[in-house]
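First the structure, in the form of structure tokens, and then the observations on it.
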Amino acid sequence: MERTPVLKTVNLGITFGGLRAVEDFNIEIYEGELVGLIGPNGAGKTTVFNLLTGVYTPTEGKFYLSGKNMNGKKTHQVVAEGIARTFQNIRLFKQMTVLENVKVALNSKYEYKFFASLFRTPKFWRKEEELDKEARDLLSIFNLENKANYIASNLPYGQQRKLEIARALATGMKILLLDEPAAGMNPTETAELLECIKIIRERFGIAILLIEHDMSLVMNVCERIQVINFGKTIAFGLPHEIANNQEVIEAYLGKNED
């Protein structure tokens, strides 16, 4: 029986005025796979993420989540269907606690009746306890359970990045889009992130699409890698194939990235 990819794009693209920012982008990612999306700065990687999350509407092509056409969906609809992402610049509810940041994302999975919410019935408190436990379980994956009551903005940078990923996981997604998760991290923080990504795959079995400039991280965790330049795919294959691809070396790997 043929498997249905979690994410599939067919000739996906977008034009801003006369500029084709992304053109004929095709990719298939299956449950449990971790695929890297790399390329020079300005190649169109984040634009791809914006297309997949409803920030931009494609001007050409289509994309599917578990076989369902997602074109035209708004961002909140995309999240509800099962696509979650992190950002290059961390976006947390900075004045909320670590625990509250995760519980906000979990709330979409819990239904509260008006009467129970208004009068704080035993049923309401049981659901609150379930939500609290699930949030703390997620935080424990990232060794943040002892920081549950900290204000998010008071966490060190690396822990804020982990919290952002934990919050994305809380949405119950089918695929997680990680946009440069190691950006700004020191080597120790990057190594911890690498372990977290491995744990996420083992525990949740979700698909992951990763944008990252840290090639040691990419080569360590990705099963396949797709390379784009000027909005077009120039290579797709196994890590060792990409590392030895002359076009990729000339366009990206042989250059120093800021």
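The values are calculated or read from the model by the stated rules, or taken from the named source; none is laboratory data. Quick caveat, the model's predicted, so the values are computed rather than measured. Quick reminder, even Gly has a Cβ in these numbers, built from the backbone with ideal geometry, and neighbours come from all protein chains shown.
Quick look at the values:
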quantity: Complete set of residues in the stretch 21-64 that are over 17 Å from Pro5 (Cβ atoms) and in a strand (DSSP E or B); calculated: Ala21, Val22, Glu23, Asp24, Ile38, Glu60
quantity: Residue in the stretch 85-106 that is over 21 Å from Asp132 (Cα atoms), in a strand (DSSP E or B) and either out of contact with any helix residue (DSSP H, G or I) (no Cβ under 8 Å at 6 or more places or on another chain) or touching a residue at least 40 places away in the same chain (Cβ under 8 Å) (or both) present; calculated: yes
quantity: From the options Leu209, Leu178, Leu163, residue that is of a type outside the set (Ser, Thr, Tyr), buried (at least 21 other Cβ atoms within 10 Å of the Cβ) and either part of a helix (DSSP H, G or I) or without any contact (Cβ under 8 Å) to a residue 40 or more places away in the chain (or both); calculated: Leu163
quantity: Identity of the residue in the stretch 242-254, surrounded by 11 or more Cβ atoms within 10 Å (Cβ to Cβ) and out of contact with any strand residue (DSSP E or B) (no Cβ under 8 Å at 6 or more places or on another chain), that ends up modelled with the lowest pLDDT; calculated: Leu253
